[in-house]
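All remarks here apply to the structure that follows.
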Amino acid sequence: MPKVGVFGGSFNPIHFGHLLLADELCEALALDRVLFVPAAVPPHKPASELASAEHRYRMTELAVSEHPRFSVSDVELRRGGPSYTVDTLRALRDEGELHLLIGSETFLDLLTWRAPREVARPARLVVVPRTGSDFNPEAPAAQKVFQELGLSAFGSADGPVLYRAASLPISGSDLRRRARDGRSLAYRMPEPVAAYIRLHQLYGRAG
């Protein structure tokens, strides 16, 4: 059964930070594929600065097109409504052995998600702290998540994976400001994505 990384997000816009992380995890965890899943309606993101789901999906397609083990799923766009991870994992269960790639802040917030036990059950969690993060898996907040979800410890045979990956100092909010102000997006994202943003005047450039 193939090992599949599930990388969900708003990808608003997708950038080299996302791609570097996915490539590093693909290699480190011997994943056969990383499936990028753009959210249709991210329940924890304000809608005011979101490009449409169709634009974000298309930008993600452009960004991953040249990587042999990257692909994009439109499962959340086809479903419509708020993009709950539990529904996505159920829809992807036949893709292979699922590994859900999340940040450490997201891990600590898991108990606020819809059906968090159902998120942790069908997929192995891969938790990636930001570079310089003081994430401590022994801290009370992390231990509460382990206890509430019935998870084994990091490093155990059936527990989540803690992986401290390299990261780039690129943020979606900075990229949206740059696009709005007509500033350079070079070396921050693949050129086809930057060209798509310019072509469609995303993030307020056209008012």
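Brief remarks on what is shown
- For D87, D181, the ranking by accessible surface with the largest value first comes to D181, D87, using a 1.4 Å probe.
- Seen against the Cα atoms of the chain and their longest principal axis, helix 16-28 is set at about 30 degrees.
- 0 to 90° range, to nearest 10: angle between helix 140-149 axis and the chain longest Cα axis: 70 degrees
- For segment 1-123: rounded, prolate or oblate by the Cα gyration tensor [a/c cutoff 1.5]: rounded
- For segment 42-170, the carbon plus sulfur part of the accessible surface works out to 48%, probe radius 1.4 Å.
- Comparing Cα centroids, segment 1-59 and segment 141-166 end up 22 angstrom apart.
- Rounded if a/c under 1.5, otherwise prolate or oblate - segment 103-189, Cα gyration tensor axes: prolate
- Cα gyration tensor, segment 52-150 - rounded (a/c under 1.5), prolate or oblate: prolate
- Modelled spin labels at S173 and E97, positioned 7 Å past Cα toward Cβ, are 3.9 nm from each other.
- Surface per residue (accessible, 1.4 Å probe) for the chain, Å²: 51 Å²
- Its relative contact order, with pairs defined as Cα atoms under 8 Å and 6+ residues apart, puts segment 55-135 at 28 percent.
- Ordering A186, L98, V86 by Cα displacement along the dipole of segment 70-207 toward the positive end leaves A186 in first place; charges were set at the Cβ atoms of Lys, Arg (+1) and Asp, Glu (-1).
- Percent of C-alpha pairs per 5 Å bin, the chain, short to long: 1, 7, 15, 19, 20, 17, 11, 6, 2, 1, 0
- Folded to 0 to 90 degrees: helix 53-64 orientation relative to the chain principal axis, Cα: 80 degrees
- When the surface is traced with a 1.4 Å probe over the full set of protein chains, R90 keeps roughly 110 Å² accessible.
- Normalised contact order of the chain, rounded percent, pairs of Cα under 8 Å and 6 or more residues apart: 24 percent
The values are calculated or read from the model by the stated rules, or taken from the named source; none is laboratory data. Just so it is clear, the structure is predicted and the values come from calculations on it, not from any experiment. All Cβ positions, even for glycine, are placed from backbone atoms using ideal geometry, and neighbour counts span all protein chains on display. In case anyone asks, the SASA skips ligands and DNA or RNA and just uses the protein heavy atoms, side chains included. Shrake-Rupley method; radii C 1.70, N 1.55, O 1.52, S 1.80 Å.
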